[in-house]
Structure formats: structure tokens, C-alpha cells
1. Among DSSP beta bridges lying fully in the range 24-150, give the percent that are antiparallel, nearest 5.
2. List the residues of the range 45-82 whose backbone N lies under 18 Å from a point placed 7 Å from the Cα of residue 143 along the Cα-to-Cβ direction.
3. Projected onto the charge dipole of the range 24-150 (+1 at Lys/Arg Cβ, -1 at Asp/Glu Cβ, origin at the Cα centre), which of 48, 150, 76 gives the Cα projection farthest towards the positive end?
4. Under unit Cβ charges (Lys, Arg +1; Asp, Glu -1), what dipole magnitude, rounded to 20 debye, does the range 33-152 have relative to its Cα centre?
5. Compute the Rg/Rh shape ratio of the range 24-150: radius of gyration over Kirkwood radius, all on alpha-carbon atoms.
6. Applying 1/(1 + (r/R0)^6) with R0 = 22 Å to the Cβ-Cβ distance of residue 29 and residue 65, what FRET efficiency is obtained, to the nearest 0.05?
Amino acid sequence: MLAATLSACGFEPLYGEGKGKKYSEHAIEVMPIPEHEGQVLRAALRRSFIFNGPATHRLEVQLSEKMNVVAIDSAGDVTRQRMTITASWHLFGLAAKDKEKPLRGAVSVFETYNVFASDFSNLTAERAARERSARRLANMISVEVTAKLGGS
């Protein structure tokens, strides 16, 4: 009953088969991304785009980061920071017909973390925030790319 209801509203699954088209046919090679969070992002994206055979598309991602102070205590010391990471991506088709018009997009996430008196605690909190951001960005990019390829 649920399947009939969903198909009546125009729902199409992102993965699997829909209208005779397999979305998994798009084999996406994720190019290296600099820095540690880039490595985390690339690993998560590669898990999203598992494929067998030669790549049909190449995904390039550039990261940018911005830090903002969110809270300070009465002594004027920073107690909380917000990190905003933006990933701009370009998806290039490797077939001759797809090379001229790459798909593009950008997604942003932010994470906040406490700032402590200990440098080690601060480095650990910042690194954990970067890794969480990278995993969230990978999920968002994967959904966008899959949706855009599904519509092409």
C-alpha cells in the first residue's frame, strides 16, 4: 500500500532502480582533497560512491573554513567557537559529451566547540569538530550529486 502511495506522488528512490534507470551506474572517482578533514571527507565520499569498473565521473572538492567567536567569559577569554566549513564541488563527466558542462554545487556546515585553558583539549575539540563537519559534508554532497545525476 505504501509503495503504491509513494509512486502515485512521483517519488523516485535515489538508489536502486527507477523508471528503468539504475542510479548506481554512475561510477564517481573522488579526487584527493588537501588537509586532514579533506582526507576524512574523501574517505566518506568514496564509501558513498562505491562502484565496480571504470569511473564515469570525476568529483573535485575544495574546502574553505571560517572561525567565529561565539562566547566569551567576564574576563574576556574565548569560551566557545564556531567553525564553518564550505565544500564547493565540481562533477565532471568523463565521456566526451559530458566534459563541456560539469555539475557544481556548494554545501556548508558549522560546528561549535568549547575552548578550554588546555591547548591539548582545544586541539582535540577542534579536530573532532572538523571530522564531524567532514562526515556531514560528505553526506550532503553525496545526496546532491546523486540527485543531480538522477535527473540527468
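Nothing in this text is a laboratory measurement; each read-out follows from the coordinates by a stated rule. No experiment lies behind these values; they were computed from the predicted model shown. Positions of Cβ are generated from backbone atoms using ideal geometry, with glycine treated the same way; all protein chains shown enter the neighbour counts.
1. 90 percent
2. Backbone N within reach: 45-49.
3. Among 48, 150, 76, the one farthest towards the positive end of the dipole of the range 24-150 is 150.
4. Dipole about the Cα centre, nearest 20: 620 debye.
5. Numbers: Rg = 17.6 Å, Rh = 15.9 Å.
Result: Rg/Rh = 1.10.
6. Details: r = 25 Å, r/R0 = 1.13.
Working from the Cβ atoms, E equals 0.35.
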